Amino acid sequence: MTQKSKLRSSFAEAVADIPDGSTIAFGGFAMPGTPFNLIKALMEQGAKRLTLIGNTTGGAQKPRMPDIGMLVENGQVAKVICAFTAATRPTDTLPFTKYYESGEVDAELVPQGTLAERLRAAGAGIPAFYTPTAVGTELAEGRETRVINGREYLLEYALPVDYAFIRASTADTAGNLRFHRAQRNFCPVMATAARITIAEIDNPIVAAGSIDPDDVHTSGIYVHRLVQVPPEPEGLWPAKRQERKR
């Protein structure tokens, strides 16, 4: 049986079948690992009533790169689950804020480490876990806790997703990925948590088996679609800025 290719000719093709109501996780910690091109394609595709998961809703800087906040502004989002719903500096105001405060979009604040662990648990088949993080805060109000060995823990549930959008430095045609330094952030756990993972790739995609197995950060079994990031001006934050130093 011939294996179906994971390569897609464009970002539009990669996101074309994403339906309304999907839950989508977005890799990235500031710039590294953020799938700017896939976000832009999703804005143009127009799927609505989405639940989006990420570290933040985006930045306040200008000019802005495509981010979760832009999808909110585009009227595509019902809910955001993230570690930071507000700007990290009090002098900044995120575009997302007015939509949340007006009740147009729901938001779930999750501590950063808990967010990562909820995604990791989903990929590992663990339905729930206990953590001391957020115990005694507003985030724990009305929720189940348990005392274990004299310490109180909060019950958190795994966070499976329909799609994960991530960005990697290198990929082979089988979908094996290698990230460049800080690109790894949330990307590996989001890939394992997702039913379908779509990765945009900085460097030319190589033949299957070309990446040393010891250098694979995410196995191709978790990656379903690959898109090559084109050079400027077509590609956002183009590959030449992400090249791996040897």
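The values are calculated or read from the model by the stated rules, or taken from the named source; none is laboratory data. Please read all numbers here as calculations on a predicted model, not as lab measurements. In this analysis, Cβ positions are derived from the backbone assuming ideal geometry, glycine residues included, and neighbour counts consider all displayed protein chains.
Here are some notes:
- Hey, L7 more than 22 Å from R120 (Cα to Cα), surrounded by 18 or more Cβ atoms within 10 Å (Cβ to Cβ) and not hydroxyl-bearing (S, T, Y) or not: no
- Scan of the stretch 168-210 for residues that are in a helix (DSSP H, G or I) and among the β-branched types (V, I, T), ordered by number: V189, T192
- Residue within the stretch 144-156 that is of a type outside the set (S, T, Y) and surrounded by 18 or more Cβ atoms within 10 Å (Cβ to Cβ) present: yes
- Counting only strands (runs of 3 or more DSSP E) that fall entirely inside the stretch 65-162 and contain at least 1 residues that are touching a Pro at 6+ places or on another chain (Cβ under 7 Å) and at pLDDT 95 or above, the qualifying elements are 151-157.
- Test: residue in the stretch 95-117 that is closer than 23 Å to G27 by Cβ, touching a residue at least 60 places away in the same chain (Cβ under 8 Å) and touching a helix residue (DSSP H, G or I) at 6+ places or on another chain (Cβ under 7 Å): yes
- Subset of the stretch 22-55 that is part of a strand (DSSP E or B) and over 10 Å from the mean Cα position of the chain (by Cα) - its residue that is nearest to E108 (Cα to Cα): T51
- Single residue of the stretch 121-159 satisfying the filter (touching a residue at least 40 places away in the same chain (Cβ under 8 Å) and not hydrophobic (A, V, I, L, M, F, W, C)) that is farthest from A191 (Cα to Cα): E156
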